[in-house]
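See below for the structure under consideration.
The values are calculated or read from the model by the stated rules, or taken from the named source; none is laboratory data. Small disclaimer: the values here were computed from a predicted structure and weren't measured. Cβ sites come from the backbone with ideal geometry, for glycine too, and all protein chains shown count toward neighbours. Surface accessibility is based on the protein's heavy atoms, side chains included, excluding ligands, DNA and RNA. Shrake-Rupley method; radii C 1.70, N 1.55, O 1.52, S 1.80 Å.
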Amino acid sequence: MSIEARVHHAFRGFTLDVKFESAGPVVGVFGASGSGKTTLLNCVAGLIKPRDAKIAVNTRVVCNRPGGTWTPPERRKLAIVTQDPLLFPHLSTRANLTYAPGAADALESDSGWKIIDVLRLKPLLQRNPGNLSGGEKQRVALGRALLSKPEMLLLDEPTSALDAELAREVLALLLEVKRSLSVAMLFVTHKAGELMALADDCIVLSEGKLVAQGPPVQVLSKPRAIGVANLVGVDNLLRLNVVRHDEEGGVTLLDLGGHDLAAPLCAAEAGQQVSVGLYADEIMLCLESPAGLSARNALPCRVTQIDAMDHEVLVNLRIGATDLLARITPGAAAELGLDKDTQAVAVIKTAACHLLG
Amino acid sequence: MLTEPEIEVVRLSALVAGWSVAVSIVPGILLGWLLARWRSPLRALLQGTVMLPLVLPPVVTGFLLLALVGRSGPLGSAWEAVTGGRIAYTTGACVIAAAVVGFPLMVEGIRLSVLGVDPKLEMVSRSLGRGRLSTFLRVTLPLALPGVIGGAVLSFARALGEFGATIVLAGNIEGETRTIPVAVYTLMNSTDGEAGVMRLVAVSVAMSLAALLAAGWLARRQRAKAGR
């Protein structure tokens, strides 16, 4: 699976100017609202005709403008699922699922029943779409898109219209779709946790421009650098392996650069990865390992860079191979005599390790 | 009860109104869709032209139509050259007059209901592999159907009552162009026509009311079927 896109499209004072290629199979498109994510997705889908663009999916050129190929949306084999499920209200759930050409046959095939199975659609088949809940509608919308046998699924914030619990459920379904149906996806989201969980590769958009590309865990580890700190919500976003649970101690131990990080107890099994957010100002720095400490984590680290701002100092730390950002006052920085390559200890409370799912 | 000539008048009226809807429903759907979805400065001009018969005095519409399809008009003379027959002063002329005058009501009903169909549904349909025409037939038209039915019935009812354009374009020929309104007008000018007038007026009111009630019922049924 691969996607290659160069898009230049201007309308109503907004300009989308993006160039990237990715091998996916799940490519995340991350950015704030108004950053051009949906416009990019609609260009790929063929629902917007960009003035100047070249888009290829699996080396098949679907758009080369001006002057070249233009494949209309119905012949691109790229099914779109938006935050609004957009079920056809005049059709039954079954007729919605079999809407695409060939979908009725697909539904009767083994692969079709697998889709029904994964999305748990069987009990919904006989019901009218008007009587389905938001999460159920979105499941039908996903099934309808998958039964059209797309080369790539285009997802435009598919969980945004759902409450937190249903959003998690739909995300889990998308993970299952990725795992057991191995469907390629272009996945637009503004939720860092979803991006980390689902995407293999991601691009970050800001004001119509591409500001970063790479595996989500890498791209989002320094959200401040690419101007998405607000969106990510935390200064440090880590994807860590679960080592083991210590139920008596009330913590789950995660592997952070070879050290154990004691985080709040979670349900993930040992060996699984979880997303953890750490705020820069919830990381305390000491020169020596402190004694008699309630905080569960005192991790030896090395200072790699110091950025003095107006009334704060941003300290870049490295623990094993993991980078962290801590924020302290200029006074504290001076008193500790922090400098590049200073060996220090990062003290982090368990409660400051925010599990993001 | 109705006399033999009166039954003939009612039959002709229903026939003319039915044909006027039949010939204008396909162009009406196309124009209604175009006026709802077309993004062009020319759209307003087109809409104005389509709406014109609604505001023009029907007699003026009849006059303009006569200029077009009368013996010396461009369409009328071409028709005569090809078929040897004429258009004006025939049942066909009644149908043309009724269709043109009822057309704006039909188009407007369809336009409004197409506007009510979420364009995103059409986009999803396209991305699922259905082309423009298929999307129109499978999504837009079924969802706009209550409006199409409503527009068709309104134009049918309007066609039943059409007088001004009809009398100019089709005249008053018994059995051929004498529809209910023309017959009522004729009877009113005769000395012993009062009873006939009353009977035809009653039939006219009943038919129009029945058409409107049927339209409302069909639209409600459609909406219920669409689950909205």
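Points 7 angstrom from Cα along the Cβ direction at B:Leu2 and B:Ser134: gap in nanometres?
4.7 nm
Enumerate the residues in the stretch B:1-22 having an amide nitrogen under 15 Å from the point lying 7 Å beyond the Cα of B:Met198 toward its Cβ.
Residues passing the 15 Å test: B:1-3.
Only counting protein heavy atoms at a 1.4 Å probe, give the residues of the stretch B:95-128, ordered by number, whose accessible area falls by 40 Å² or more when the other protein chains are present relative to the chain alone.
Buried on complex formation: B:Leu121, B:Met123, B:Val124, B:Arg126, B:Ser127, B:Leu128.
Within straight cross-link reach of A:Lys349, meaning Cα distance under 30 Å, which lysines are found once same-chain residues fewer than 8 apart are removed?
In chain and number order, the partners are A:Lys191, A:Lys222, A:Lys340.
Please identify, among B:Phe163, B:Phe103, B:Phe136, the residue showing maximal mean-square fluctuation in a Gaussian network model of chain B using a 10 angstrom Cα cutoff.
B:Phe136
Output ³J(HN,Hα) for the stretch B:74-90: one whole-Hz value per residue in order, computed from phi by the Karplus curve 6.51 cos²θ - 1.76 cosθ + 1.60 with θ = phi - 60°, and x for Gly and Pro.
Those phi angles translate into x, 6, x, 5, 5, 4, 5, 5, 7, 9, x, x, 10, 9, 4, 6, 10 Hz.
Using a 7 Å offset from the Cα along the Cα-to-Cβ direction at both A:Lys340 and A:Asn131, what is the distance between the two label points in nm, to one decimal?
6.9 nm
Just flag the trypsin sites (Lys or Arg not before Pro) in the stretch B:11-87 sitting in loop per DSSP whose Cβ has no more than 12 other Cβ atoms within 10 Å.
B:Arg39
If the chain between B:Ala14 and B:Ala206 were fully stretched, how many nm would it gain, using 0.36 nm times the residue separation less the Cα-Cα distance?
Going from the current span to full extension adds 67.9 nm.
Across the stretch A:276-284, in residue order, what do the Karplus-derived ³J(HN,Hα) couplings come to in whole Hz, using 6.51 cos²θ - 1.76 cosθ + 1.60 with θ = phi - 60° and x for Gly and Pro?
Taking θ as phi minus 60°, the curve returns 10, x, 10, 7, 4, 8, 9, 9, 9 Hz for the stretch A:276-284.
Can you compute the radius of gyration and Dmax for chain B, using only the Cα atoms, both in Å?
Computed over the Cα atoms of chain B, radius of gyration and Dmax are 19.8, 69 Å.
Using 0.36 nm per residue, how much length does the chain from A:Lys19 to A:Glu269 gain when fully extended, once their Cα-Cα distance is taken away?
86.1 nm
Checking the table A:Lys77/A:Lys178; A:Lys137/A:Lys209; A:Lys19/A:Lys114; A:Lys54/A:Lys209; A:Lys37/A:Lys114 against a 28 Å threshold on Cα-Cα, which pairs fail?
Exceeds cut-off: A:Lys137/A:Lys209; A:Lys19/A:Lys114; A:Lys37/A:Lys114.
Using a Gaussian network model of chain A with C-alpha springs under 10 Å, which one of A:Asp117, A:Asp260, A:Asp201 is most mobile by mean-square fluctuation?
Among A:Asp117, A:Asp260, A:Asp201, the largest mean-square fluctuation in the Gaussian network model of chain A belongs to A:Asp117.
How much length would be gained if the chain were fully extended between B:Glu176 and B:Leu30, taking 0.36 nm per residue of separation minus their Cα-Cα distance, in nm to one decimal?
49.5 nm
Could you pull out every residue, at least 5 positions away or on a different chain, whose amide H is within less than 5 Å of the one on A:Met185? Hs are placed 1.01 Å off N in the peptide plane, and Pro or chain starts have none.
For A:Met185, whose amide H was placed from the backbone, the distant partners under 5 Å are A:Val26, A:Val27, A:Leu153.
Leaving out ligands, DNA and RNA, calculate the buried accessible area for the pair B and A with a 1.4 Å probe, summed over both sides, in Å² to the nearest 100.
For chain B against chain A, roughly 1800 Å² becomes buried.
Place +1 on the Cβ of every Lys and Arg and -1 on the Cβ of every Asp and Glu in the stretch B:4-225, take the dipole about the Cα centre, and give the residue among B:Val203, B:Thr135, B:Ala97 whose Cα lies farthest towards its positive end.
Of B:Val203, B:Thr135, B:Ala97, it is B:Thr135.
Modelled label-to-label distance, A:Glu207 and A:Ser294, 7 Å Cα→beta-carbon offset: nm?
Here the modelled spin labels are 4.4 nm apart.
Mind listing the Cα extents of the stretch A:237-355 along all three principal axes, in Å, largest one first?
42, 28, 22
So how long is each side of the stretch A:86-228 along the principal axes, counting just the alpha-carbon atoms, biggest first, in Å?
On the principal axes, the stretch A:86-228 reaches 50, 28, 24 Å in Cα extent.
Rg to Rh ratio, chain A, alpha-carbon atoms and Kirkwood radius?
1.04
When the Cα centres of the stretch A:304-357 and the stretch A:10-67 are compared, how far apart do they sit, in Å?
38 Å
Along the charge dipole of the stretch A:33-107, Cβ charges K/R +1 and D/E -1, which of A:Thr38, A:Ala95, A:Gly67 sits furthest on the positive end?
The one lying farthest along the dipole's positive direction is A:Gly67.
Roughly how many percent of the accessible protein surface of the protein assembly as shown is carbon and sulfur, given a 1.4 Å probe and a whole-percent answer?
57 percent
So in the protein assembly as shown, what percent of DSSP beta bridges are antiparallel if you round to the nearest 5?
For the protein assembly as shown, the DSSP antiparallel bridge percentage is about 80.
With springs only between Cα atoms under 10 Å, which of B:Ser208, B:Ser113, B:Ser40 fluctuates most in a Gaussian network model of chain B?
Highest fluctuation among the options: B:Ser40.
Looking at chain A, do any whole DSSP H helices span at least 15 angstrom along their long axis by alpha carbon and average -0.5 or above on Kyte-Doolittle, and which?
Qualifying helices, which must be both long enough and hydrophobic enough, are A:134-147, A:164-181.
Defining a contact as two alpha carbons under 8 Å apart and six or more residues distant in sequence, what relative contact order in percent does chain B show?
29 percent
At a Förster radius of 30 Å, what calculated FRET efficiency corresponds to the Cβ-Cβ distance of B:Ala214 and B:Ser40, to the nearest 0.05?
My answer for the efficiency is 0.25.
Step through the residues of the stretch A:75-84 one at a time and calculate ³J(HN,Hα) from phi using the Karplus curve (6.51 cos²θ - 1.76 cosθ + 1.60, θ = phi - 60°), rounding each to whole Hz and writing x for Gly and Pro.
10, 8, 6, 10, 8, 9, 10, 9, 5, 8
So which aspartates and glutamates can A:Lys122 reach, going by Cα to Cα under 13 Å and dropping same-chain residues fewer than 8 places off?
Excluding near neighbours in sequence, the set is A:Glu108, A:Glu136.
Given H placed 1.01 Å from N in the peptide plane, which residues other than close sequence neighbours of B:Ala170 have an amide H under 5 Å from its amide H?
B:Tyr89
Relative to the longest principal axis of chain B, what angle (0 to 90°, nearest 10) does the C-alpha long axis of helix B:42-55 take?
Tilt relative to chain B: about 30 degrees.
Which one, A:Ala172, A:Gly250, A:Pro50, is farthest towards the positive end of the dipole of chain A when Lys and Arg carry +1 and Asp and Glu -1 on their Cβ?
A:Pro50
Relative contact order of the stretch A:237-355, please, whole-number percent, based on alpha carbon pairs below 8 angstrom and at least 6 residues apart.
With pairs under 8 Å counted, the relative contact order is 30 percent.
In vacuo Debye scattering of the stretch B:130-223, one point per C-alpha: log10 I(q)/I(0) at q = 0.18 Å⁻¹?
The computed values of log10 I(q)/I(0) come out as -0.85.
At a probe size of 1.4 Å, how large is the accessible area of A:Trp70, to the nearest 10 Å²?
70 Å²
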